[in-house]
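Enquirer: Just dropping this structure here.
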Amino acid sequence: MTRGKSIATLLITVLLIAVTGFIAIFGVGDLKTGAAENIILGLDLKGGVSITYQTKEENPSEKDMEDTVYKLQKRAEIYSTEAEVYQEGDRRITIEIPGATDADAVLDELGKPGSLEFVASNSDGSAGGVTVLTGKDIKNAEAGTQESQTGAKEYVVQLTLTDEGAQTFGEVTAANIGKQIAIMYDERQISNPTVNSAIRDGRPVITGMASYEEAEELATMIRIGGISLELEELRSNVVGAKLGEEALSSSLKAGLIGLLIVMVFMVVIFLIPGVVASIALILYTTIMLLVLNAFDITLTLPGIAGIILSIGMAVDANVIIFTRIKEEIGNGSSVRTAIKAGFSKALSAIIDGNVTTLIAALVLGIMGTGSVKGFAITLAIGIVLSMFTALVITRFILQAFFTLGVQNEKFYGSKKDGRVINFLGKKLVFFIIAIVAIGAGFVAMGIQAAQGNQMLNLSLEFMGGTTTTVPFNEDYSIEQIDEKVKPVFGEVTGDNNIQAQKVASENEADKNKVIIKTRRLSEDEREALNNKLVEEFGVVKNDIESDSISSTVSGEMRRDAIVSVIIAVILMLIYIWFRFKDIRFASGAVIALLHDVLVVLTCYAVVRISVGNTFIACMLTIVGYSINATIVIFDRIRENMGGSRNKKNLDEIVNKSITQTLTRSIYTSFTTFIMVFLLWIMGVASVREFAAPLMVGIIAGGFSSVCISGTVWYLMKKGKGSKKEEAGESSEA
């Protein structure tokens, strides 16, 4: 890089930071109030619209209600991945969409659920009398594009049928090739496609749309018409944040302070490269804000977890590179050579670590729902940006500094190989620590079960409960509700698992209403609670409304989450197996990952932290963090082996590899821990419940990567090698 290019690189970097920072704070063009302020926030941080429907059928079946809740969840996710849908009472379903402020507009866009039928047409094209499919047979409908037979792009609607629907449709289409099947919505024909061939895979495609908008409109009507029950609007409200404004402001302050501490740490430890990393982190942060705004991504606590993890991975990439540079200088290389070698040798660990986590994020983003999808989206964006800033921005800026005269090795630091620590010699101690930590969780869960309690403190998102709408005589803030109202509910219910939302309405009758969700209450408990509210706050008893609600995490959503996590883990392990060409590396990663998840589960079991949506995000964060940390050590083992098949010095290679990467493990764990620790210190109660297990997971991840993963791989590798050697000796004899 020439001197002129170096100056230009630094000027462009400064300009990028200035422009992106200005837009993020002050806004420009359509972003009048700044990108940061325009980011859509979830129900937990900002609030949104709450719409309650009631079934026209007076006694709907439990299965039909569950099916309708699940399909409405899919429909609502078009507006936000963080939308929540749950059953209220026997006939009502409530949809909560974050970030929205106009209930009427949402109602218009959401559409009115009605009846849907696929009817075989008469020869003249008019609808016949034979219904071949109903809404119950439709799983999903999505607008899309495909290439036509002539090679042109055409707009289509892709349907996904149930297994029963697919079988029926296969038989019907085989018997009606060349004929039309009308799609009827509330007895009105909305499409009349012709059958071109027998469709037996349950994924028919409707062609002939003039535009994507037309395809999306048809897909929307099929989706909403595919709901099992016909619904009518009962009420709609604009509700406030579940956690209050303080939760957001404290989280942002904690994030800013944490970022500053991390930047200072990087400068102190890595000197000039640390300065470069800090510049890249600032650019990463401003670009992240702009991306969140540009793609209308809803930000919630799980989303913040994804950002924290991606920041940790961005720091980790820089730590790996800069540690390599210090090693090269310590081995006698010039600064120029060390910089080049540092980026080259760190590349495989960075790519493998980020790609495995990105695989998980993509699978969870495609298959997950609700908070899982929100977490996955922010994590995927963060990973891409962190790789870009670490491998491109950091490299160009560092080379620019060098070209402009910052060439003395004292500005970059030096690290020589010291005494190799015998980690394998302490494997028994490490395994005992791991077993005790994991076992404590199972013991705690067993004790709770023996006492007649839930093994884990499942939250309302998993268990459902009772919703109580209270019309207070004054306008309480969320903070005042936390301080004054929640303790009253806790006294009656004997449980602090309480959620509160304000009704944000211009209507005087609804202005002071607060919606409070608790565990499921009996009639006697409801009566006692109502009397207590009258006594403490002077509310009108007859105006208090209460009803049972289902969990917001439905059985289908739990199944989707579990399946998506399993698929993500399998794909990550296949990638590790492919990249390292040894299934034992993948096996070691699985055991380390399992250790971390179970240790965090111990935290939830022992401390009785509420298990809700943030539990899913926490576990996913730990999975990503654990895999990334383990791969760094495996990458160094692979490098030190150099393709050698000699097993005699395998213990030396493993101990050396873990020792060489120890500073990286400590530094990355420290910087990520600092970010989460500040959330725990500065956050409100709900944020602290989210941060505490994350801190435990970071410690567990650091421990497993250093003390468990390499040891497990060594034992499996040595075991196989020993058997081969014994077999060889026997044949020679």
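Enquirer: Which numbered condition in (1) open to solvent by less than 80 Å² (accessible area, probe 1.4 Å); (2) part of a loop (DSSP other than H, G, I, E, B); (3) at pLDDT 80 or above is the only one that Asp90 fails?
Expert: With (1) open to solvent by less than 80 Å² (accessible area, probe 1.4 Å); (2) part of a loop (DSSP other than H, G, I, E, B); (3) at pLDDT 80 or above applied to Asp90, the lone miss is (1).
Enquirer: Restricted to segment 444-492, and to residues that are over 26 Å from Glu545 (Cα atoms) and crowded, with 19+ Cβ neighbours inside 10 Å, which residue is modelled with the lowest pLDDT?
Expert: Asn457
Enquirer: Also, quick follow-up: Take segment 170-202 and flag every residue that is without any contact (Cβ under 8 Å) to a residue 24 or more places away in the chain and of a type outside the set (S, T, N, Q).
Expert: Glu171, Ala175, Ile177, Gly178, Arg188, Pro193, Val195
Enquirer: Turning to a different aspect of this structure: Ala605 - would you say it is crowded, with 17+ Cβ neighbours inside 10 Å, within 21 Å of Ala360 (Cβ to Cβ) and not β-branched (Val, Ile, Thr)?
Expert: no
Enquirer: Report yes if some residue within segment 366-378 is part of a helix (DSSP H, G or I) and over 30 Å from the mean Cα position of the chain (by Cα); otherwise report no.
Expert: no
Enquirer: Mind checking whether some residue in segment 518-535 is at pLDDT 80 or above, of a type outside the set (Phe, Trp, Tyr), surrounded by 18 or more Cβ atoms within 10 Å (Cβ to Cβ) and assigned to a strand (DSSP E or B)?
Expert: Within segment 518-535 (the criterion being at pLDDT 80 or above, of a type outside the set (Phe, Trp, Tyr), surrounded by 18 or more Cβ atoms within 10 Å (Cβ to Cβ) and assigned to a strand (DSSP E or B)), the answer is yes, since at least one residue qualifies.
Enquirer: For Ala247, indicate whether it is part of a helix (DSSP H, G or I), modelled with pLDDT under 80, touching a Ser or Thr at 6+ places or on another chain (Cβ under 8 Å) and open to solvent by less than 30 Å² (accessible area, probe 1.4 Å).
Expert: The answer is yes for Ala247.
Enquirer: Moving on. Please find, among Ala629, Ala589, the residue that is in contact with a Leu (Cβ under 7 Å, 6 or more places away or on another chain) and closer than 20 Å to Ile350 by Cβ.
Expert: After applying the criteria, what remains is Ala589.
Enquirer: Another one. So which residues in segment 138-147 are in contact with an Asp or Glu (Cβ under 8 Å, 6 or more places away or on another chain) and touching a residue at least 40 places away in the same chain (Cβ under 8 Å)?
Expert: Ala143, Thr145, Gln146
Enquirer: Also, I was wondering about something else. Residues to consider are Glu230, Glu187; find the one that is open to solvent by 80 Å² or more (accessible area, probe 1.4 Å) and among the acidic types (Asp, Glu).
Expert: One residue alone meets the criteria, Glu187.
Enquirer: Suppose the filter is part of a helix (DSSP H, G or I) and open to solvent by less than 60 Å² (accessible area, probe 1.4 Å); does Thr389 pass it?
Expert: Here the answer is yes, as Thr389 does meet what is asked.
Enquirer: Output the qualifying pairs, or none if there are none: Cβ atoms under 6 angstrom, residues six or more apart or on different chains, first residue in segment 657-672 and in contact (Cβ under 8 Å) with a residue 12 or more places away in the chain and closer than 23 Å to Asn331 by Cβ, second residue buried (at least 24 other Cβ atoms within 10 Å of the Cβ) and acidic (Asp, Glu).
Expert: Every condition considered, the pairs that remain are Thr668/Asp316.
Enquirer: So how many residues does segment 139-163 have that are open to solvent by 60 Å² or more (accessible area, probe 1.4 Å), charged (D, E, K, R) and more than 21 Å from Leu72 (Cα to Cα)?
Expert: Residues flagged as open to solvent by 60 Å² or more (accessible area, probe 1.4 Å), charged (D, E, K, R) and more than 21 Å from Leu72 (Cα to Cα) within segment 139-163 amount to 2.
Enquirer: Which of the residues belonging to segment 678-702 are at pLDDT 90 or above and either open to solvent by 30 Å² or more (accessible area, probe 1.4 Å) or touching a Lys or Arg at 6+ places or on another chain (Cβ under 9 Å) (or both)?
Expert: Val696, Ile699
Every residue, every condition in (1) over 15 Å from Ala700 (Cβ atoms); (2) surrounded by fewer than 18 Cβ atoms within 10 Å (Cβ to Cβ); (3) at pLDDT 85 or above, yes or no:
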residue	(1), (2), (3)
Asp635	yes, no, yes
Asn649	yes, yes, no
Gln660	yes, no, yes
Arg664	yes, no, no
Val676	no, no, no
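Enquirer: Is segment 64-85 home to any residue that is modelled with pLDDT under 80, open to solvent by less than 30 Å² (accessible area, probe 1.4 Å) and in contact with an Asp or Glu (Cβ under 6 Å, 6 or more places away or on another chain)?
Expert: Taking every residue of segment 64-85 in turn, at least one turns out to be modelled with pLDDT under 80, open to solvent by less than 30 Å² (accessible area, probe 1.4 Å) and in contact with an Asp or Glu (Cβ under 6 Å, 6 or more places away or on another chain).
Enquirer: Next question. Taking the condition of being modelled with pLDDT of 80 or more, open to solvent by 40 Å² or more (accessible area, probe 1.4 Å) and not small (Gly, Ala, Ser), how many residues in segment 45-62 meet it?
Expert: Count: 5.
Enquirer: Let me ask you something else. Please determine, by comparing only the residues of segment 392-423 that are crowded, with 19+ Cβ neighbours inside 10 Å and among the aliphatic types (A, V, I, L, M), which one is nearest to the chain's Cα centre (by Cα).
Expert: For segment 392-423, the residue satisfying everything is Ile393.
Enquirer: Shifting gears a bit: Hey, among Ala210, Ala182, which residue is surrounded by fewer than 17 Cβ atoms within 10 Å (Cβ to Cβ) and of a type in the set (A, V, I, L, M)?
Expert: Residue meeting the stated conditions: Ala210.
Enquirer: Would it be correct to say that Gly368 is buried (at least 23 other Cβ atoms within 10 Å of the Cβ) and at pLDDT below 85?
Expert: Yes; evaluated as a whole, the condition is true for this residue.
Enquirer: Here is a further query. Give just the number: which of (1) at pLDDT 85 or above; (2) not in a loop (DSSP other than H, G, I, E, B) does Ile222 not satisfy?
Expert: Among (1) at pLDDT 85 or above; (2) not in a loop (DSSP other than H, G, I, E, B), Ile222 violates only (1).
The values are calculated or read from the model by the stated rules, or taken from the named source; none is laboratory data. Because the structure is predicted, anything quoted here is derived from the model rather than measured. Using ideal geometry, Cβ is built from the backbone for each residue, glycine included, and neighbour counts are taken over all protein chains shown. Heavy atoms of the whole protein, side chains included, go into the accessibility calculation; ligands, DNA and RNA do not. Shrake-Rupley method; radii C 1.70, N 1.55, O 1.52, S 1.80 Å.
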